[in-house]
Amino acid sequence: MVIGTGINVATPADALPVSPTGLAGTSLLVEGATVAREALLLEVLRQLERWYVAFRADPDPVRTGLLDAYRPLCVTLGQKVRVELPVGRFMTGVARGIDPDGRLLVSDNPGDPPMAISAGDVVHVRTAA
């Protein structure tokens, strides 16, 4: 397994990248947080180790509490999204949940059965004011 992540720690606003969809990036500095990189790295690694040890003991995210811990932290849930799927397909809808396999559940209407998304790029859709 390969896990990749990036955290913009001290990047000033004028140096942040803009995504191809026009969404600006942010950093801890821009958001008003001052943190030492070493302390941040140690805490990220501590949390990763905590969940990795739990996963090794029991890979079920429901029994270990990982799913319940993740859902309230997922800012995508409840948002209108566009999902760019493999082979050039896409879908739009509202991110309604995360299933026990870690897939994002997306549907157009609350009563519709959601589509489980296991691979794709998810973009939050901003509506014009």
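The values are calculated or read from the model by the stated rules, or taken from the named source; none is laboratory data. Here the structure is a predicted model, which means the values were calculated and not measured. So basically every Cβ, Gly included, is an ideal-geometry build from the backbone, and we count neighbours across all protein chains shown. These area figures cover heavy atoms from the full protein model, side chains too; ligands, DNA and RNA do not enter into them. Shrake-Rupley method; radii C 1.70, N 1.55, O 1.52, S 1.80 Å.
In summary, residue 57 fulfils each of the numbered conditions (1) open to solvent by less than 60 Å² (accessible area, probe 1.4 Å); (2) more than 27 Å from residue 24 (Cα to Cα) with the single exception of condition (1). Considering only the range 109-121, state which residues are open to solvent by less than 60 Å² (accessible area, probe 1.4 Å), modelled with pLDDT under 85 and under 16 Å from residue 79 (Cβ atoms). Hit for the range 109-121 is 120, nothing else.
From the list 29, 67, 45, the lone residue that is at negative phi, in a helix (DSSP H, G or I) and touching a Pro at 6+ places or on another chain (Cβ under 7 Å) is 67. Of the residues making up the range 91-100, one or more are modelled with pLDDT under 90 and either out of contact with any Gly (no Cβ under 9 Å at 6 or more places or on another chain) or not in a helix (DSSP H, G or I) (or both).
When the range 77-90 is limited to residues that are assigned to a loop (DSSP other than H, G, I, E, B) and out of contact with any His (no Cβ under 7 Å at 6 or more places or on another chain), the one that is most open to solvent (accessible area, probe 1.4 Å) turns out to be 89. Annotation: residue 105 fulfils all but one of (1) within 15 Å of residue 121 (Cα to Cα); (2) modelled with pLDDT of 90 or more; (3) out of contact with any Pro (no Cβ under 9 Å at 6 or more places or on another chain); the unmet one is (3). Restricting attention to the range 85-120, the residues being closer than 23 Å to residue 66 by Cβ and touching a residue at least 24 places away in the same chain (Cβ under 8 Å) number 11.
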